[in-house]
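The values are calculated or read from the model by the stated rules, or taken from the named source; none is laboratory data. These numbers come from a predicted model, not from an experiment. So basically every Cβ, Gly included, is an ideal-geometry build from the backbone, and we count neighbours across all protein chains shown.
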Ligand code: SF4
Ligand code: SF4
């Protein structure tokens with residue numbers, strides 16, 4: 001993101017639009033801190049600039065990753081999905097990708113106001129990789145890995161930043177606590193916030209969440225959140241047991 005300094009009148013209208021506080025005043029004009037800017041383009045999309053001075057640039061790789069992960073209007077070229085995750089995580093009742101006995105896990109790093117570096121994304125991926133997890137191949141972060149056995153990302157992307165990024169894996173149900181312990185170990189090593197989402201079909205016989213008891217037993221607080229298929233998406237196939 002650039003400011004056309006000829007046009008800018010330093011009115012500061014755009015400052016509050018930036019989710020990572022990357023815009024400040026320099027010599028009476030708006031100035032964008034290039035390392036902090038995640039190329040989300042919210043400042044420009046907001047339309048607040050009275051002089052049309054906010055310029056969306058054509059970015060070259062690896063900086064282009066910032067907008068690929070942060071600009072909600074931009075579909076990721078690897079997934080074709082708006083946003084940063086795979087569609088299957090949200091539409092499992094249609095795709096039946098997650099089978100009974102397996103859990104879909106997404107670790108979301110960064111939030112508006114905080115953002116994340118890809119070095120922190122790599123730290124999480126490398127903590128999970130030794131557990132022989134299956135990295136979701138359609139996920140944009142997986143597409144940046146040089147080796148899915150280690151979770152290492154391409155060297156040139158590590159200093160890039162995004163508003164948030166998702167590491168997605170699926171695991172056998174009985175490995176859940178191994179994953180949680182690995183994430184607890186990673187927590188002091190990352191310089192951002194992250195949250196954990198666990199997805200699974202409900203047990204077809206009891207209607208229970210298959211992993212709820214494991215979390216309760218280990219005193220891990222959680223918030224159940226259901227997705228209900230109201231019939232707009234017809235299942236490709238019934239959920240199977242892994
Ligand atoms: S593109 Fe996004 S991060 Fe960059 S200055 Fe604009 S609002 Fe802030
Ligand atoms: S809103 Fe436009 S004119 Fe005002 S400070 Fe931002 S870039 Fe400059």
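I'd like to verify a number: residues in the stretch 193-203 that are surrounded by fewer than 18 Cβ atoms within 10 Å (Cβ to Cβ) and either at pLDDT 95 or above or within 23 Å of residue 158 (Cβ to Cβ) (or both), how many?
Of the residues in the stretch 193-203, 3 are surrounded by fewer than 18 Cβ atoms within 10 Å (Cβ to Cβ) and either at pLDDT 95 or above or within 23 Å of residue 158 (Cβ to Cβ) (or both).
Output the residues belonging to the stretch 15-29 that are in contact with a strand residue (DSSP E or B) (Cβ under 6 Å, 6 or more places away or on another chain) and either near ligand 1 (Cβ under 8 Å from one of its atoms) or within 21 Å of residue 65 (Cβ to Cβ) (or both).
Our first condition is that a residue be in contact with a strand residue (DSSP E or B) (Cβ under 6 Å, 6 or more places away or on another chain); within the stretch 15-29, this holds for 15, 22-24.
Listed by number, the residues that qualify are 22, 23.
Among the residues of the stretch 1-29, write down those that are more than 9 Å from ligand 2 (Cβ to nearest atom), without any contact (Cβ under 8 Å) to a residue 60 or more places away in the chain and assigned to a loop (DSSP other than H, G, I, E, B).
Once the filter is applied, which keeps residues that are more than 9 Å from ligand 2 (Cβ to nearest atom), without any contact (Cβ under 8 Å) to a residue 60 or more places away in the chain and assigned to a loop (DSSP other than H, G, I, E, B), the stretch 1-29 yields 1, 6, 18, 22, 27, 28.
Tell me, yes or no, whether the stretch 82-89 has at least one residue that is at pLDDT below 95 and either loosely packed, with under 14 Cβ neighbours inside 10 Å or within 16 Å of ligand 2 (Cβ to nearest atom) (or both).
For the stretch 82-89, residues at pLDDT below 95 and either loosely packed, with under 14 Cβ neighbours inside 10 Å or within 16 Å of ligand 2 (Cβ to nearest atom) (or both): present.
Could you please give the count of residues in the stretch 3-43 that are closer than 19 Å to residue 60 by Cα and surrounded by 14 or more Cβ atoms within 10 Å (Cβ to Cβ)?
Going through the stretch 3-43, the residues closer than 19 Å to residue 60 by Cα turn out to be 3, 32-41.
Now narrow it down to the ones that are surrounded by 14 or more Cβ atoms within 10 Å (Cβ to Cβ): 3, 32, 36-41.
Result for the stretch 3-43: 8.
Which residues, taken from the stretch 30-52, are within 23 Å of the chain's Cα centre (by Cα), part of a loop (DSSP other than H, G, I, E, B) and more than 6 Å from ligand 1 (Cβ to nearest atom)? Break it down into steps so the answer makes sense when it comes.
Within the stretch 30-52, the first condition is being within 23 Å of the chain's Cα centre (by Cα), and the residues that meet it are 33-46.
With the extra rule that they be part of a loop (DSSP other than H, G, I, E, B), the set shrinks to 33-41, 46.
Hits for the stretch 30-52 are 33, 34, 35, 36, 46.
Could you tell me which numbered condition residue 159 fails, if it satisfies all but one of (1) in contact with a strand residue (DSSP E or B) (Cβ under 8 Å, 6 or more places away or on another chain); (2) at pLDDT 95 or above; (3) over 14 Å from residue 191 (Cβ atoms)?
Residue 159 satisfies all of (1) in contact with a strand residue (DSSP E or B) (Cβ under 8 Å, 6 or more places away or on another chain); (2) at pLDDT 95 or above; (3) over 14 Å from residue 191 (Cβ atoms) except (3).
Is it the case, given these coordinates, that residue 179 is in contact with a helix residue (DSSP H, G or I) (Cβ under 6 Å, 6 or more places away or on another chain) and touching a residue at least 60 places away in the same chain (Cβ under 8 Å)?
Spelling it out, it is not the case that residue 179 is in contact with a helix residue (DSSP H, G or I) (Cβ under 6 Å, 6 or more places away or on another chain) and touching a residue at least 60 places away in the same chain (Cβ under 8 Å).
Rundown of residues vs (1) within 16 Å of ligand 1 (Cβ to nearest atom); (2) under 19 Å from residue 103 (Cα atoms); (3) in a loop (DSSP other than H, G, I, E, B); (4) not assigned by TED's automatic domain parsing to the domain that holds residue 20, yes/no style:
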| position | (1), (2), (3), (4) |
| --- | --- |
| 125 | no, yes, no, yes |
| 129 | no, yes, no, yes |
| 139 | no, yes, yes, yes |
| 146 | no, no, no, yes |
| 150 | no, no, yes, yes |
| 156 | no, no, no, yes |
| 169 | no, yes, no, yes |
| 174 | no, yes, no, yes |
